[in-house]
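The values are calculated or read from the model by the stated rules, or taken from the named source; none is laboratory data. It should be emphasised that the depicted structure is a prediction, and the values quoted were computed from it without experimental measurement. For accessibility, only protein heavy atoms count, side chains too; no ligands or nucleic acids. Shrake-Rupley method; radii C 1.70, N 1.55, O 1.52, S 1.80 Å.
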Amino acid sequence: MIRVNVFGRSMSVRRVDGEWQLFNESQTGMRSRVYEVVIPPELAEDQLLSYLDDIYHEQASAQHPEVRLESK
């Protein structure tokens, strides 16, 4: 499980059977799947931050200007 901060939103990504799955992470530890965003299966792990930046760039702000890796 890869945890990322997407412009202030806590999210996680995991690889299952060759497919990437994206989740919203809550403050209480609840996880909900994001079905509206499809991450191409051929995308390498080191490309995830850039991809999520491209998808969610409208949510960038002065306080949260980038997508950051939280943990692997």
Labelled set (1) 11.6, 37; (2) 14.7, 54; (3) 11.8, 41; Rg and Dmax of the Cα atoms in Å computed from this model equals the value at (1)
Per residue solvent-accessible surface (Å²) - the chain, probe of 1.4 Å
66 Å²
Considering only protein heavy atoms and a probe of 1.4 Å, how much of the accessible area of the chain is carbon and sulfur, as a whole percent?
47 percent
